[in-house]
Amino acid sequence: MRQPSPPVQHPVQPDLSDSIADALIEKGYACVPGFLSPPRVQALAAETLRLWDDGEFQFARIGSGPNRQRCPQVRSDRILWLDNDQLSAPQQIYLDALDTLRQHINRATMMGLVDWEGHLALYPPGTFYKRHIDVFANARERQLTTILYLNPNWRPGDGGELRLYLDGAEMEPYIDLEPRGGTLVTFLSSRFYHEVLPAHTERLSITGWYRVRSTRHF
Ligand code: OGA
Ligand code: MN
């Protein structure tokens with residue numbers, strides 16, 4: 001007799017994709033808890049800490065091309081770029097979930113997102129990323145920023161909130177988003193200035209960008 005096939009586990013609950021797409025259309029940003037389940041977040045966090053212990057992370061830089069430089073007054077996190085062709089199993093699950101979400105967002109918004117690039121990030125206690133915007137002259141393909149937090153036990157007082165400025169270059173109003181494990185934040189990369197407030201405990205995340213096909217640069 002044939003074995004019944006195991007139930008297919010949808011990588012992203014469809015209603016979560018709907019609420020993210022709706023929020024992007026309505027407000028330009030979305031913050032959803034539980035994008036990945038706690039065991040999946042835990043697996044990503046454990047692996048990220050192993051890579052950190054192995055010395056795989058580098059000081060993050062700012063700018064692009066010849067202007068790229070370390071600038072610890074602006075950002076002091078450490079990062080490790082992901083190679084989308086050489087992912088671990090937990091990373092692959094996350095990227096599959098992001099790809100399902102990408103297709104859903106495309107259907108809802110016609111943004112034409114074609115792929116995603118990103119890195120692991122680790123903020124040791126005392127580190128931060130000052131107010132900035134993610135799109136610069138040489139990276140206009142970046143349309144939508146995604147951040148998945150990997151801190152299973154984040155509590156108020158641990159710091160490292162993401163401050164999102166809601167009115168262009170104005171300093172107010174803003175909202176502070178808590179970097180709780182499993183929460184996914186997405187926002188239009190060219191619209192929102194944002195910063196990472198100083199972390200008081202080690203803060204882990206996967207940050208990346210959905211991109212459109214590269215166009216001519218003027
Ligand atoms: C970034 C960034 C925000 C966060 O890496 O560009 O703004 O909450 N990260 O980690
Ligand atoms: Mn940023």
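Nothing in this text is a laboratory measurement; each read-out follows from the coordinates by a stated rule. In this text, all values refer to a predicted model and were calculated from it rather than measured experimentally. Positions of Cβ are generated from backbone atoms using ideal geometry, with glycine treated the same way; all protein chains shown enter the neighbour counts.
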Overall dimensions of the chain as given by Cα atoms, namely Rg and Dmax in Å: 17.3, 66
Peptides 62-70, 93-101, 143-151, 109-117 ordered by average Cβ neighbours within 10 Å, highest first: 143-151, 93-101, 109-117, 62-70
Listed residues PHE128, PHE192, PHE59, most fluctuating in the chain (Gaussian network, C-alpha, under 10 Å): PHE59
Förster radius 35 Å - calculated FRET efficiency between GLU56 and ASN106 (Cβ-Cβ, nearest 0.05): 0.60
Label-point separation in nm, LEU166 to GLU202, each point 7 Å along Cα→Cβ: 3.5
Karplus 3J(HN,Hα) series, Hz, for region 186-203 with 6.51 cos²θ - 1.76 cosθ + 1.60 (x for Gly, Pro): 10, 7, 5, 4, 8, 9, 10, 5, 7, 8, 9, 5, x, 7, 9, 10, 3, 10
Label-point gap, in nm, between ASP18 and ASP99 - each point 7 angstrom along Cα→Cβ: 2.5
Helix-only [θ]222 nm of the chain, DSSP H runs n ≥ 4, -39500 (n - 2.57) each, per residue, nearest 500: -8000 deg cm²/dmol
At 0.692 mPa s and 37 °C, Stokes diffusion of region 1-120 via Kirkwood alpha-carbon radius, µm² per second: 192
